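Written out below as structure tokens is the structure these notes cover.
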Amino acid sequence: MLRFKIKELISKKSFNENRRITIGEVAEETGVSRVTLSKMANQRGYNTVTDNLDKLCIYFDCEVSELVEFVQAEK
């Protein structure tokens, strides 16, 4: 299953910019809804469209591999 590393990227960007960044701010800047971002950050295996991945990679200035990781599903 896929896991989105939204929280980690927000923390990294917050540290690098020396300010607090919220999911609401990411939603406003990217056009990805706050609900979608929350689900991506908190629900394992959440399914989203590639357009959202594109927007987030642009916002965080990262590659897809930094945004998404594959984890084995628990058996």
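The values are calculated or read from the model by the stated rules, or taken from the named source; none is laboratory data. In this text, all values refer to a predicted model and were calculated from it rather than measured experimentally. Quick reminder, even Gly has a Cβ in these numbers, built from the backbone with ideal geometry, and neighbours come from all protein chains shown.
Counted as qualifying within the chain are the helices (runs of 4 or more DSSP H) with 3 or more residues that are among the β-branched types (Val, Ile, Thr) and modelled with pLDDT of 95 or more, namely 23-30.
Scanning region 35-68 for residues that are closer than 13 Å to LYS5 by Cα, in contact with a Leu (Cβ under 9 Å, 6 or more places away or on another chain) and exposed (fewer than 11 other Cβ atoms within 10 Å of the Cβ) gives a single hit, GLY45. Only a single criterion out of (1) within 20 Å of MET1 (Cα to Cα); (2) touching a residue at least 12 places away in the same chain (Cβ under 8 Å) is not satisfied by VAL32, namely (1).
Can you tell me which residue within region 9-21, out of those that are closer than 26 Å to VAL71 by Cβ and touching a helix residue (DSSP H, G or I) at 6+ places or on another chain (Cβ under 9 Å), is surrounded by the fewest Cβ atoms within 10 Å (Cβ to Cβ)? Result: LYS12. Filtering region 1-54 to residues that are of a type in the set (D, E, K, R) and touching an Asp or Glu at 6+ places or on another chain (Cβ under 8 Å) leaves ARG3, LYS5.
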